[in-house]
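Inspection log for the structure reproduced underneath, given as structure tokens.
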Amino acid sequence: MSYLSELALQYIDGEWRAGSGSWDIVDVDPYTGDKLAGITVATVEEVDQAYRAAERAQKEWAATNPYARRLVFERALRIIEEREQEITEAITAELGGTALKAGFELALTKDMLRESMQLSLRAEGRLLPSPVDGKENRLYRLPVGVVGVISPFNFPLFLSIKAVAPALALGNGVVLKPHQETPVVGGTLIARIFEEAGLPAGLLNVVITDIAEIGDAFIEHPVPKVISFTGSDKVGRHVATVAASHFKRTVLELGGNSALIVLDDADLDYAVDAAVFSRFAHQGQVCMAANRVLVDRSVADEFTEKFVAKVATLRVGDPRDPATQLGPLINPVQADSITAQVDQAIAAGATALLRGETNGSLMAPVVLGGLPADAPILQRELFGPVVLVVPFDGEDEAVRIANDTPFGLSGAVHTADVERGVRVAQRIETGMIHVNDGTIADEAVVPFGGEKNSGVGRLNGESTVDAFTTVKWISIQHGRSRFPF
């Protein structure tokens with residue numbers, strides 16, 4: 001895979017170079033276990049160089065006509081469209097994504113680049129009235145300066161672009177630290193795309209490194225004014241704490257424990273289809289995935305029978321095979337961890353309605369029922385192909401169970417009565433929820449984010465403008481002010 005070997009470098013101040021750390025991050029194919037590349041980690045000094053480069057380049061970029069800035073994103077979009085097959089192969093090799101998953105990720109990425117073209121023109125100012133005669137109040141919307149972006153391994157291309165492209169479009173510089181499991185697709189591939197698209201050198205930097213090498217230097221550095229992090233709630237809490245101690249803003253897109261609720265009047269066949277996709281897309285390694293499927297007891301038996309039957313048909317295997325629907329988890333450690341949680345749940349009283357084998361990074365789907373109300377697995381984000389089926393009696397109990405989690409990212413409600421679905425959805429403590437659809441959705445113009453432990457802030461559309469810009473008040477006194485002394 002040429003991308004994975006050619007781009008196994010740091011990208012700092014417009015230069016491709018090896019890191020100067022004392023050890024390598026090894027990029028591995030999660031299905032075959034083959035080594036794809038070794039990347040010498042960036043040091044604290046190189047993180048500093050990246051931030052300083054972004055700081056230097058940002059001022060001229062912010063002064064560039066936004067119509068000229070927009071052209072960079074148009075060219076980046078064309079590059080991705082021209083190289084979709086190569087990028088798909090890289091997604092499959094580096095993170096085990098199936099063709100279906102790669103297509104989904106690429107579609108989201110292209111939509112975000114289209115939205116970024118518009119964001120280049122969206123930082124509008126305002127004029128406000130004043131109680132003082134002759135005074136004019138102007139509000140200017142300005143870039144924050146430099147944004148630090150930390151992205152995850154599950155949708156690395158899209159979730160890096162989701163922060164990087166809008167931040168650049170709004171006139172900022174960016175330093176991106178991709179997840180060590182996906183350093184190319186989530187990092188240096190993006191740098192190459194923008195380099196070829198004509199982004200000025202220094203504006204976007206990619207440092208491939210780990211906290212074991214740099215500690216909290218990426219967050220603590222004095223240059224970035226905003227840190228955008230996507231990942232687990234545990235790490236997000238640490239990022240927020242460190243950033244706050246340095247008076248930095250954060251945008252935190254964290255984990256979830258979403259519930260898909262099937263009410264007694266739902267179209268069961270359709271709800272089954274929605275639930276299977278919502279849980280097993282990309283092997284369940286999606287923050288919005290439906291960990292829990294809540295079903296009204298009056299239809300629970302029929303729904304569960306159909307649901308388990310459909311899940312049993314999912315094909316697990318080589319992500320390069322077009323017929324494969326579930327590829328590998330990101331690594332064997334993740335697969336073993338999820339398997340151990342399943343074992344513990346069964347030992348504590350859960351019933352395995354469907355249980356396949358775990359073999360290395362491959363994990364066949366698991367459907368658990370009969371869970372005790374206090375089962376710890378009901379409270380966790382399950383980043384794997386495991387789903388929990390929970391019956392309920394009536395809407396009030398459905399709402400109570402759905403909200404009985406520290407997370408609040410996404411969700412879904414299935415019912416024949418749309419307004420009933422909306423009423424239930426309004427009671428669920430999440431940032432996003434969908435009536436008669438799946439739990440997995442992201443649209444470039446709609447605010448994306450969660451409540452509770454699922455994050456702080458929103459991205460997409462106007463929310464992105466708020467996240468990556470600041471407001472400056474300039475008043476003008478026409479005539480002379482009167483001062484008390």
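The values are calculated or read from the model by the stated rules, or taken from the named source; none is laboratory data. In this text the structure is predicted, and so the values were computed from the model without any measurement. So basically every Cβ, Gly included, is an ideal-geometry build from the backbone, and we count neighbours across all protein chains shown.
Brief remarks follow.
- Condition check for Phe307: more than 15 Å from Val386 (Cβ to Cβ), over 24 Å from the mean Cα position of the chain (by Cα) and crowded, with 20+ Cβ neighbours inside 10 Å: no
- In segment 368-387, the residues that are of a type in the set (Lys, Arg) form Cβ pairs under 8 Å with partners that are surrounded by fewer than 24 Cβ atoms within 10 Å (Cβ to Cβ), at six or more places apart or across chains, as follows: Arg380/Gln341.
- Flag if Ala290 is under 25 Å from the mean Cα position of the chain (by Cα), within 26 Å of Glu419 (Cα to Cα) and of a type in the set (A, V, I, L, M): yes
- Helices (runs of 4 or more DSSP H) (entirely within segment 203-253) containing at least 2 residues that are of a type in the set (Val, Ile, Thr): 211-214, 233-245
- All positions within segment 440-485 that are more than 26 Å from Arg249 (Cβ to Cβ) and in contact with a helix residue (DSSP H, G or I) (Cβ under 7 Å, 6 or more places away or on another chain): Ile440
- Within segment 302-320, restricting attention to residues that are hydrophobic (A, V, I, L, M, F, W, C), touching a residue at least 24 places away in the same chain (Cβ under 8 Å) and part of a helix (DSSP H, G or I), the residue that is farthest from Asp27 (Cα to Cα) is Phe303.
- Within segment 50-96, the set of residues being farther than 18 Å from Ala191 by Cα and in contact with a helix residue (DSSP H, G or I) (Cβ under 7 Å, 6 or more places away or on another chain) comprises Thr92, Ala93, Leu95.
- Check on Ala323, touching a strand residue (DSSP E or B) at 6+ places or on another chain (Cβ under 6 Å), within 22 Å of Phe277 (Cα to Cα) and free of Cβ contacts under 8 Å to residues at least 60 places away in the same chain: no
- Residue in segment 291-301 that is part of a helix (DSSP H, G or I), closer than 25 Å to Asn460 by Cα and in the same structural domain as Phe392 (by TED's automatic domain parsing) present: no
- Residue list for segment 421-454, restricted to those being more than 15 Å from the chain's Cα centre (by Cα) and either closer than 8 Å to Ser410 by Cβ or free of Cβ contacts under 8 Å to residues at least 40 places away in the same chain (or both): Val422, Arg423, Ala425, Gln426, Arg427, Glu429, Thr430, Ile433, His434, Val435
- Condition met for Ser410 (crowded, with 21+ Cβ neighbours inside 10 Å, closer than 23 Å to Leu314 by Cβ, of a type in the set (Ser, Thr, Tyr) and in contact (Cβ under 8 Å) with a residue 40 or more places away in the chain): yes
- Ala42 being surrounded by fewer than 16 Cβ atoms within 10 Å (Cβ to Cβ), in the same structural domain as Glu195 (by TED's automatic domain parsing) and modelled with pLDDT of 95 or more: no
- Among the residues of segment 163-173, those that are hydrophobic (A, V, I, L, M, F, W, C), outside any loop (DSSP other than H, G, I, E, B) and over 17 Å from the mean Cα position of the chain (by Cα) comprise Leu168, Ala169.
- Scanning segment 124-149 for residues that are more than 19 Å from the chain's Cα centre (by Cα) and surrounded by 19 or more Cβ atoms within 10 Å (Cβ to Cβ), we see that the one that is nearest to Ala90 (Cα to Cα) is Val146.
- The combined condition, being touching a Leu at 6+ places or on another chain (Cβ under 8 Å) and assigned by TED's automatic domain parsing to the domain that holds Pro30, is not fulfilled by Ala212.
- Scan of segment 413-428 for residues that are crowded, with 17+ Cβ neighbours inside 10 Å and not polar (S, T, N, Q), ordered by number: Val413, His414, Gly421, Val424, Ala425, Ile428
- The criterion of being crowded, with 17+ Cβ neighbours inside 10 Å and more than 25 Å from the chain's Cα centre (by Cα) does not hold for Val223.
- Within segment 455-475, residues that are in contact (Cβ under 8 Å) with a residue 60 or more places away in the chain have Cβ atoms under 8 Å from residues that are among the basic types (Lys, Arg) and assigned to a helix (DSSP H, G or I) in these pairs: Leu459/Lys162; Asn460/Lys162, counting only partners at least 6 apart in sequence or on another chain.
- So Val316, is it touching a Leu at 6+ places or on another chain (Cβ under 8 Å) and in the same structural domain as Thr415 (by TED's automatic domain parsing): yes
- Search result, residues across segment 465-478 that are crowded, with 20+ Cβ neighbours inside 10 Å and either part of a strand (DSSP E or B) or out of contact with any Lys or Arg (no Cβ under 8 Å at 6 or more places or on another chain) (or both): Phe468, Thr469
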